[in-house]
1. Across 10 Å bins from the origin, how do the percents of Cα pairs in the range 55-225 run, short distances first?
2. Calculated FRET efficiency, Ser67 and Thr142, Cβ-Cβ r, R0 22 Å, to nearest 0.05?
3. Check Gln143: other-chain or 5+ apart residues with amide H under 5 Å from its amide H, H built from backbone geometry?
4. Can you compute the modelled spin-label distance between Asn181 and Lys84, with each label point 7 Å from Cα toward Cβ, in nm?
5. Do any of Lys98/Lys237; Lys141/Lys201; Lys141/Lys235; Lys141/Lys185; Lys72/Lys112; Lys111/Lys165 go past 22 Å between their Cα atoms, and which?
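A short reminder: the numbers here are calculations on the coordinates, not readings from a lab. Remember, it's a predicted structure, so these values are computed and weren't measured experimentally. Note that each Cβ is placed from the backbone with ideal geometry, even for glycine, and that neighbours are counted across all protein chains shown.
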Amino acid sequence: MSTHHTSRTRRLGIAGALLALSVGLSSCSLLERGSDPVEAETPSASQTPDLYDSQFTRDGTFQSHISADGIKGIDFVYTLYPTKSTPRTNEWYPRGAKFFSFTFQAYDLTKKLRDPFATKRKVYLDRIKVTSRTVTSDGGKTQRPYELDASARAITFDPQPVSTKYGMLITSPKGAFELRNQRIKGTSLDTRGIELTFTAKVSVQASPGSSQFVQRTVKQTVPIGIFESEEKTKKAKIPINAN
């Protein structure tokens, strides 16, 4: 066999080996790429805007326990919840009315729950005031979709609350202020939250059976989240015989 033929054969063999190696590497590379997990696209911050932080919206209720300056052992409790008209707080949009109810009550923590009521300090609620303001995504003009300023005994759910010159009794378990189906008006489309600020003017008995009372104001701000949408907040269909 000639030297030329031998060299040519050797070159062909090397080329064939390189080709086989190249095909093998390419196949391995394709298999590796095919076995990699495909990650879902993570939404960017702009795609998932932060919701206005709200316990009321998240839990479907809000309850706060407040003490008043200089008064020990009295727990003031505000409780808010959506009504049957608009029960789904994750569907509270800027447009359309939203409805809520709230209560306000006082507990004498220095006594046991089942202690005689005469041994507990009496707390009376004179006036209840609620103001509101909107929180917008672009710093738009503040709106006030809900307002209230009234004598508590005149508007509470109980038509005959126990009352004195200091207002209506709100000491648990004999008294409580309750207001139902309060309407929050629709707001501009850039609304992302509504703050309700409750202010109660109360008189607290200095000691059980005492004729001396101490006046205080008890304030609480409740944030409510509003979801971005051009839809109106939907009202639920309520059966005629519903409570």
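1. 10, 37, 31, 16, 6, 1
2. Calculated value: 0.15.
3. Thr134
4. Roughly 1.0 nm, to one decimal.
5. Checking Cα-Cα distances, Lys141/Lys201; Lys141/Lys235; Lys111/Lys165 exceed 22 Å.
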